[in-house]
Amino acid sequence: MPSPIWEGSKGETGQTEDGASRSDDRERGTGGRLVCALEMEMTNRSLHGDSKVDCVNCDGLINRNSGDSAEVSVPLSLPGKRTTLMEGDNLHRLRDRKVLLEDKRRLCALALGTALLGILLMIIHAEICPFVYKPGSNIALIINCSISLSTGCLLILIIAFHYKDIRLFVNDHNQVDWRIAMTSHRVLVITLELLVCSIHPVGTYWKVGLHTNSSSTAPLCVSNHHNQALLDIELLLSVLMFLRLYLVHRAILLHSKVLLSASYRSIGSLNNINFTFRFVLKVLMNKHPARTLLVFIVFFWLTASWMLTLCERQTQASTGQMDTALWLIAITFLTVGYGDVAPTTSCGKAVCLFTGVMGVACTAMLVAVVTKKLALNKGEKHVHFFMLDIQISKRIRHAAANVLRECWLLHRTNVTKGNRGEHRRHQRCLLEAIRVFRHLRLKQRQLRDYVSEMVDLPKMQMIMCDLSANWNNSYRELEQRILTMEQKLDELSRCFQQTSELLSQVLRHRNPEIR
């Protein structure tokens, strides 16, 4: 709207010039507001916050352009553009998070494959070294170098995985400093993983120094110039290579449908659920319990059997053969222990001890799974207990009828004054009928108490929802009635007021007549 001074100076030029000047003022006012909005947006970006900005300069700019200062009282930071920028930033972070999760999944799969390759090369070298090639040959050197190379690649993949994990932490916490993510726990975990993954037989499997017959299994490759301590170290390093299998649980977690499903993640975040391997294992045990236990037991059985043969080979005992080791691991896992075969080395005893502990744990899980499979579901329990209640009610009626019959027979015996033997027989039958009746009543009471303890949560939830809806309706009706009563009271008050005014007017008119 133009100012009065501008209108006074242009009043003599006519209506056309006045309209043109008004349109120019509007354009200049709009341009001034846009310039002010851009300046405030740049200021907000520089402050990185939502703090208010002083608009004195903007108001001055608009006043200089003959704008109305009343129109500039609203915020001029262009909230639509700012919201768009924030949404773009969030979309960029979500896209980076998805890419980082894909990289972590791919690196974890590569690390697991590299770890399994190293273990497989170690097993092949330990099995065929004395027979296929000689210790210290070029083939042995190539296999040993391949094991070391796979170990180096595995360490690189582990470092890359944790690098992606730290970047994901930084992305999730709004671009914080990466040093904040390096907590003592994370540093300890990374150090332990690198230490575990770096374990592998560092020396060569040397020439055969122990005499073996053709019927025994493949012995360890040792040389005459190496003592027993170095042999034990190589054996320990070979067994500890199986610690790399901890990568299996990470691969299961990152490749599970629970973590890949957006619905799982959204609902879990709303309920503060952490998607860890424990949660994924629980889901697998609930969905496929028999399959999960079978795969784990078979894999553990074969792995522990081969580890036992590796530990027992240097003693040339029967447990150094694969068939005997499979039998020993099986009876140890099932906690049977016939005693016909026993390990002789400390390494073999440790493997058997660990097998027994895992056997107890797997047996407990197997019992839980079988119990869950054999248990009745909710509908089956309702049907079963309903039929039991009907049967017990029938037996109670029969028992009550027997009590009445025996009472009548005893009374008839007393009336007819029969012999003492018949009287005592009817007394015993009456007491037995009373005992059966009481026992059945007790069973019926226990059954109904057990049924009453089976709380049907969906039914209770529906009942509570109905009660809540009824309470809400009653509350609304009560509110409506209170409002109606208030309106009626207001009407009554107005009527009383009008009545009082009419009475006062009537009295005012009658007072002069009375006087």
For segment 393-409, does any single residue satisfy the condition of being open to solvent by less than 100 Å² (accessible area, probe 1.4 Å), under 15 Å from Leu431 (Cα atoms) and among the charged types (D, E, K, R)? yes
Odd one out for Pro289 among (1) more than 27 Å from Arg105 (Cβ to Cβ); (2) crowded, with 17+ Cβ neighbours inside 10 Å; (3) in contact (Cβ under 8 Å) with a residue 40 or more places away in the chain: (1)
Cβ-Cβ below 6 Å, separation at least six or inter-chain, first residue in segment 236-254 and within 15 Å of Phe275 (Cβ to Cβ), second open to solvent by less than 50 Å² (accessible area, probe 1.4 Å) and modelled with pLDDT under 90: which pairs? Leu253/Val280
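In segment 359-377, which residues are over 21 Å from Val283 (Cα atoms) and of a type outside the set (Gly, Ala, Ser)?
The one that is over 21 Å from Val283 (Cα atoms) and of a type outside the set (Gly, Ala, Ser): Val360.
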For Ala399, work out the one condition from (1) touching a helix residue (DSSP H, G or I) at 6+ places or on another chain (Cβ under 6 Å); (2) among the small types (Gly, Ala, Ser); (3) without any contact (Cβ under 8 Å) to a residue 24 or more places away in the chain it doesn't fulfil. (3)
Please enumerate the residues belonging to segment 255-277 that are in contact (Cβ under 8 Å) with a residue 12 or more places away in the chain and not β-branched (Val, Ile, Thr). His255, Ser256, Leu259, Phe275, Phe277
How many residues of segment 262-276 are in a helix (DSSP H, G or I) and surrounded by 16 or more Cβ atoms within 10 Å (Cβ to Cβ)? The answer is 2
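What is the residue count in segment 312-361 for residues that are in a loop (DSSP other than H, G, I, E, B) and either free of Cβ contacts under 8 Å to residues at least 12 places away in the same chain or more than 21 Å from Leu243 (Cα to Cα) (or both)?
14
The values are calculated or read from the model by the stated rules, or taken from the named source; none is laboratory data. Everything numeric in this text was worked out from a predicted model, so none of it was measured. Counting neighbours? That spans all protein chains shown, and the Cβs are built from the backbone with ideal geometry, glycine included. These accessible areas exclude ligands, DNA and RNA; they are computed on the full protein's heavy atoms, side chains included. Shrake-Rupley method; radii C 1.70, N 1.55, O 1.52, S 1.80 Å.
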